[in-house]
Number of protein chains: 2
Amino acid sequence: MSPPELVLASASATRARLLAAAGLKPTIEPADIDEAPIKAACKADGNDAGACAVKLAEAKAQRVAGRMPGALVLGADQILVCDGQWFDKPLDRAAARAQLVALRGKRHVLATAAVLVKNGAVIWHALEQPTLTMRRFSDEFLDAYLATAGDAVLMSVGAYQLEGVGIQLMAAVEGDHFAILGLPLLPLLDFLRDSGLLRP
Amino acid sequence: MSPPELVLASASATRARLLAAAGLKPTIEPADIDEAPIKAACKADGNDAGACAVKLAEAKAQRVAGRMPGALVLGADQILVCDGQWFDKPLDRAAARAQLVALRGKRHVLATAAVLVKNGAVIWHALEQPTLTMRRFSDEFLDAYLATAGDAVLMSVGAYQLEGVGIQLMAAVEGDHFAILGLPLLPLLDFLRDSGLLRP
């Protein structure tokens, strides 16, 4: 199970952990792009969140591929959509609380994209859109949740981590678990096998 | 987020980990029942794997509840079914290999049951049946997988752990991730909230 020469253009500890657990050992090279203008352009062009997540994943992969000729670079992005509104990672705990209040009792989509770039060309991409429904939790629950989860709420677009106490926020979870965590892992493994980078 | 007084009648490290991650702190009291006669009786009675998983989960919970009056005891069980055949945890690596060869290229069901017993009475149960499809992996892949996964293959009915390199065995995964890992967690949390054991 020799690992492919893969570069992950992301600072996400969860994505690195998912790849490592699956037996891959990517080099980590965070892209550090400014996402705001890309999102604004997507909205101005009438792109939906899924198309925009693909564009952001590609921008991250291209940024890193530009400084690493010949490398296979994986970019990824996730946008949360609820009632037509796009949500980013909350900047502080007050923002996390407001976001969870906005999502409470509602269904949201996690548009989750991954793109592979090599020498400036996109050679593969995937988009998955799992849906989650938050239950109508009490304000007392929310306060206790935020106290328990701590700064982990700042690390995801939904202000929750399903693999932790965040599962207590949910009424229903539909779609691929790995995409929910931030990476369409099964299609990525498929492509790496088809490309001869993983044993078939 | 004060934990309920819950007893887990299982030696499964994965189930204990799932509950702990969700914010529960069960007391661990493995049931140590003989599953073979219960399975044989289920088959003789024409029960399907789902009904049998519920019976096994109940037997485990009852065994522990019998020695812990007043405790809320959680039993759980998982049976893998493929082409009508029921699979148990493999006893050694050779059995794991044979099992993975039998599952290769096929869809299987993980009948996953949980039962809560208190003072001899079943007060709740849940059954989920996620389905997974193994890809047609090569013998070379299988050998490398078994070498990499090591004794972890002996710890699950499918000889794989989806949260590890076992994901490389799969073509498709459908159904609740927590049920695949061995516990219908969302319905359990629902019941604990309805019972006043978790903050609503």
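Looking at the range A:96-105, can you tell me whether even one residue there is within 12 Å of another protein chain (Cβ to nearest Cβ) and either over 24 Å from A:Lys55 (Cα atoms) or of a type in the set (Ser, Thr, Tyr) (or both)? Among the residues of the range A:96-105, not one is within 12 Å of another protein chain (Cβ to nearest Cβ) and either over 24 Å from A:Lys55 (Cα atoms) or of a type in the set (Ser, Thr, Tyr) (or both), which makes the answer no. State whether one or more residues within the range B:112-129 are of a type in the set (Lys, Arg) and either surrounded by fewer than 13 Cβ atoms within 10 Å (Cβ to Cβ) or within 18 Å of the chain's Cα centre (by Cα) (or both). There is no residue in the range B:112-129 that is of a type in the set (Lys, Arg) and either surrounded by fewer than 13 Cβ atoms within 10 Å (Cβ to Cβ) or within 18 Å of the chain's Cα centre (by Cα) (or both). Being out of contact with any helix residue (DSSP H, G or I) (no Cβ under 7 Å at 6 or more places or on another chain) and either modelled with pLDDT under 95 or closer than 23 Å to B:Glu174 by Cα (or both) is a description that applies to B:Leu103. Say whether the condition of being of a type outside the set (Lys, Arg), touching a Pro at 6+ places or on another chain (Cβ under 7 Å) and under 19 Å from A:Gln85 (Cβ atoms) is met by at least one residue in the range A:116-134. Scanning the range A:116-134, I find no residue that is of a type outside the set (Lys, Arg), touching a Pro at 6+ places or on another chain (Cβ under 7 Å) and under 19 Å from A:Gln85 (Cβ atoms), so the answer is no.
Here's the yes/no breakdown for (1) surrounded by 21 or more Cβ atoms within 10 Å (Cβ to Cβ); (2) free of Cβ contacts under 8 Å to residues at least 24 places away in the same chain; (3) more than 26 Å from A:Asp176 (Cα to Cα):
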| site | (1), (2), (3) |
| --- | --- |
| A:Gly66 | no, no, yes |
| A:Gly75 | yes, no, no |
| A:Arg104 | no, no, no |
| A:Leu110 | yes, no, no |
| A:Arg136 | no, no, no |
| A:Ala147 | no, yes, yes |
| A:Ser156 | yes, no, no |
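With respect to the conditions (1) assigned to a loop (DSSP other than H, G, I, E, B); (2) within 14 Å of A:Val157 (Cα to Cα), A:Gly105 falls short on a single one, namely (2). Is it the case, given these coordinates, that A:Arg199 is basic (Lys, Arg), surrounded by fewer than 20 Cβ atoms within 10 Å (Cβ to Cβ) and at the interface with another protein chain (Cβ under 8 Å from one of its Cβ atoms)? Yes, satisfied.
Taken as a whole, the condition of being touching a residue at least 60 places away in the same chain (Cβ under 8 Å), among the basic types (Lys, Arg) and either closer than 22 Å to B:Gly196 by Cα or more than 14 Å from chain A (Cβ to nearest Cβ) (or both) applies to B:Lys89.
Residues in the range B:43-64 that are buried (at least 17 other Cβ atoms within 10 Å of the Cβ) and in contact with a Phe, Trp or Tyr (Cβ under 9 Å, 6 or more places away or on another chain): B:Ala49, B:Cys52.
Being under 22 Å from A:Leu19 (Cα atoms) and hydrophobic (A, V, I, L, M, F, W, C) is true for just one of A:Ala49, A:Ala65. Which residue is that?
A:Ala65
Just to be sure before I move on: is B:Ala9 more than 14 Å from every other protein chain (Cβ to nearest Cβ), modelled with pLDDT of 95 or more and touching a helix residue (DSSP H, G or I) at 6+ places or on another chain (Cβ under 9 Å) in the structure I sent? Yes: the conditions hold for B:Ala9.
What's the number of the only condition in (1) within 19 Å of the chain's Cα centre (by Cα); (2) buried (at least 17 other Cβ atoms within 10 Å of the Cβ); (3) modelled with pLDDT of 95 or more that A:Phe87 fails to meet? Result: A:Phe87 fails condition (3) only.
Within the range B:127-173, the set of residues being facing chain A (nearest Cβ under 8 Å) and among the charged types (D, E, K, R) comprises B:Glu140, B:Glu163.
Among the listed residues A:Ala171, A:Ala147, A:Ala126, which satisfies the condition of being in contact with a helix residue (DSSP H, G or I) (Cβ under 6 Å, 6 or more places away or on another chain) and either part of a helix (DSSP H, G or I) or not aromatic (Phe, Trp, Tyr) (or both)?
A:Ala126
For the structure I just gave you, tell me whether B:Val173 is of a type in the set (A, V, I, L, M, F, W, C) and surrounded by fewer than 23 Cβ atoms within 10 Å (Cβ to Cβ). The answer is yes for B:Val173. In this structure, is A:Gly182 more than 9 Å from chain B (Cβ to nearest Cβ) and either touching a Phe, Trp or Tyr at 6+ places or on another chain (Cβ under 7 Å) or over 25 Å from B:Gly164 (Cβ atoms) (or both)? Taking the combined requirement at face value, the residue does not satisfy it. For the range B:12-28, check the following and say yes or no: at least one residue is more than 16 Å from B:Leu116 (Cα to Cα), in contact with a strand residue (DSSP E or B) (Cβ under 8 Å, 6 or more places away or on another chain), of a type outside the set (Lys, Arg) and at pLDDT below 95. Yes. Could you list, in sequence order, the residues of the range B:126-145 that are in contact with a Gly (Cβ under 9 Å, 6 or more places away or on another chain) and more than 22 Å from B:Val165 (Cβ to Cβ)? Matches in the range B:126-145: B:Leu127, B:Glu128, B:Gln129.
The values are calculated or read from the model by the stated rules, or taken from the named source; none is laboratory data. Since the model is a prediction, treat every value here as computed from it, not as a measurement. We place every Cβ from the backbone using ideal geometry, glycine too, and count neighbours over all the protein chains shown.
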